[in-house]
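The values are calculated or read from the model by the stated rules, or taken from the named source; none is laboratory data. Only a predicted model underlies this, so the values are computations on that prediction, with no experimental measurement involved. Virtual Cβ from ideal backbone geometry, glycine too; neighbours counted across all protein chains shown. The accessibility values were calculated without ligands, DNA or RNA, using every heavy atom of the protein model including side chains. Shrake-Rupley method; radii C 1.70, N 1.55, O 1.52, S 1.80 Å.
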Amino acid sequence: MSVPVYIGNDQGYYGTKVVTRANGKFYKMFIRNMVVPNRVGEITYNNDPHNIMYREREGDREWFCGKLAIEQAGDDELFDSHKRRLFSPTWFREQEYLIMFRVSTGLMLQGSTEPVVSVALPTDSYIDYKDELKRRLIGKHSFEVKQGNLPWRRIEFEIKRENLFVISQPMATLFHIALDRDGKLLNEDLFIQKVSINDLGFGTSDIETLHGETIIKRQSFTSRHAMLNVYELLAKRLLDFTRQADPDSNGKEYPIWSLPRVVRSGEISFKGKVHDVSAIVQECIKEVGEALVNEVWNRLDYGDDITYIILTGGASIPFKAFYRERFGDKLIFAEDYGIEAQFANGFGLCKFAQSKARAVPTKDMLEAAATIHQEFHVPDSFAEAAAVTEKKGSKSVKK
């Protein structure tokens, strides 16, 4: 590998966010986290690069990835995939995980065949499964990808053991804030103080409290209060709303995957009429946001011994106001550091890959890390010790 390519791959519940640095430039990419088998044949209706297909070699089973998978999946496939990702700490064992990792990494290689890659696991899964995830990803990856109407193309790369790093998802945001664009330490204060990183995602919220790179387990946990709860609550209330708006009282059921658009716009179209449901959306966000902050407030012992609360993740924007009200000036918002909150982990992973790949321990660094002892003088004889004691005593009474 002549020119190193650093890749941070953050595969989350809702989407896979990838950040890479190659030739001094950063690139980012978002792919909706969904993989389903191809059951419709050739896709030729447009040249959208987000229409991604995967296979290992010609003649093998083909898979739809990302946006195309959402469009072509049945409701049962969506539900099954979402359920397994949300409730299984070993989602990375699934074939869909490996396909999404290969596709998202392969599309960001920038010509490299031996990238330096960082990936992440949720807080509650990191300790138990980091080594297994490494074994899953290390090695050679060879497959074919088709985007839009473009022909199939082969992608090959190798993940070497020394070029793969696994950390917890919230810790990735810490490195995004603490390291500069070259992976060098920028904000040492974040490693001296006690910091709690709150990574608010679609399916879960990971709360990780750190002192340096050490996880404080007592104040680290995964909460089930997340954006998915907002959507589930919203789906029930929209059903009630449409029943009241329908002369026949039938109403309309809104699947979870259709609700992000409703949350963004605050509107629904029902039987030919557009309805403003922004108040219902805000009520749902408030109910879940307050429940989340109450849990964090109590689990962190009110944040009394924590210097900073770092808020990150794709769901951090709607819940920010509730955090600000409770934690005040302790709050640091990841999006204030120059990149969207949903990419903060990916950017941090990319920086972390740079820092680890270039890290060469020096004698001074090792000595600084080891020095907690203090030099002191040992008297040669009892007489010398007595003289020192007497001298100290005379100084203490001197005026």
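Couple of notes before you dig in:
- Backbone amide hydrogens, once placed in the peptide plane, bring residue 277 within less than 5 Å of 267, 268, excluding anything fewer than 5 places away on its chain.
- Per-residue HN-Hα couplings for the stretch 228-244 [Karplus 6.51, -1.76, 1.60; θ = phi - 60°; Hz; x = Gly/Pro]: 4, 5, 4, 5, 5, 5, 5, 4, 5, 6, 6, 4, 5, 4, 6, 5, 6
- Accessible area expressed per residue, the stretch 30-126, with surrounding protein chains retained (probe 1.4 Å, Å²): 43 Å²
- Accessible surface of the chain, 1.4 Å probe, proportion on carbon and sulfur as whole %: 51 percent
- Scoring 23-35, 218-230 by mean Cβ neighbours within 10 Å over their residues and listing the highest first yields 218-230, 23-35.
- Peptides 91-101, 303-313, 170-180, 274-284 ordered by average Cβ neighbours within 10 Å, highest first: 170-180, 303-313, 91-101, 274-284
- Of the peptides 207-214, 137-144, the ranking by mean beta-carbon count within 10 Å, highest at the top, reads 207-214, 137-144.
- Of 217/330; 217/320; 134/351, those spanning more than 22 Å from alpha-carbon to alpha-carbon: 217/320
- A Stokes-Einstein calculation at 10 °C with viscosity 1.306 mPa s, built on the Kirkwood radius of the chain over Cα pairs, returns a diffusion coefficient of 67 µm²/s.
- Taking the three principal axes of the alpha carbon atoms in the stretch 160-255, the coordinate ranges are 63, 33, 23 Å, sorted in descending order.
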